[in-house]
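The block underneath contains the structure these notes are about, expressed in structure tokens.
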Amino acid sequence: MVEVHDGTSTLSPYGVDAHAERFGGHTPGSLVVRVGDDTLVGDLVRGGMLRRQSPKRHFFTEDATGVRRALMTELDRRPQRLLPGHGGPLDADETRRRLDKVAPVPSRLAASE
């Protein structure tokens with residue numbers, strides 16, 4: 001088991017050139033893992049049901065502000081692809097262009113429901 005104490009943790013002791021970072025959003029223990037030019041984002045975002053490589057808002061989000069903050073932080077690191085837990089892979093630039101639909105500002109989210 002990998003433990004992330006101070007926000008980030010290296011996975012090199014496990015033979016993987018990667019870093020894990022804890023982000024809230026989907027659930028309190030959500031992690032992202034950076035491997036090379038890709039970022040495993042778990043359930044912060046998902047691919048579409050039919051268009052698997054089309055970024056979509058996840059069905060469940062505990063903290064919409066946290067999801068948006070986590071995605072913006074990761075996209076600012078300029079990965080090539082985001083690898084979600086469902087669907088994908090997702091082109092990072094396409095996800096950035098669709099950020100307001102994928103991770104709406106919470107006030108806009110409430111207005112659309």
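The values are calculated or read from the model by the stated rules, or taken from the named source; none is laboratory data. The structure presented is a predicted model; accordingly, all values stated were derived computationally and were not measured. Counting neighbours? That spans all protein chains shown, and the Cβs are built from the backbone with ideal geometry, glycine included. All accessible areas refer to the heavy atoms of the entire protein, side chains included, with ligands and DNA or RNA removed. Shrake-Rupley method; radii C 1.70, N 1.55, O 1.52, S 1.80 Å.
Brief remarks on what is shown
- Taking all C-alpha pairs of the chain, those more than 22 Å from each other amount to 28 percent.
- Average accessible surface area per residue within the chain, 1.4 Å rolling probe, Å²: 60
- Surface share of carbon and sulfur [accessible, 1.4 angstrom probe, percent] for the chain: 51
- 222 nm mean residue ellipticity, helices alone, for the chain (DSSP H n ≥ 4; -39,500 (n - 2.57); rounded to 500): -7000 deg cm²/dmol
- Point-to-point label distance, residue 27-residue 86, nm (Cα→Cβ direction, 7 Å offset): 1.3
- Dipole magnitude (debye, nearest 20) for the range 46-96, charges at Cβ of Lys, Arg, Asp, Glu: 120
- Helix axis angle, 64-76 relative to the chain longest principal axis, alpha carbon, degrees: 60
- Estimated inter-spin distance, residue 93 and residue 37, nm [label 7 Å along Cα→Cβ]: 1.1
- Contact order for the chain, expressed relative to its length and based on alpha carbon pairs under 8 Å spaced 6+ residues apart, stands at 23 percent.
- Dipole size of the range 1-87 about its Cα centre, with +1 on Lys/Arg Cβ and -1 on Asp/Glu Cβ: approximately 540 debye, rounded to the nearest 20.
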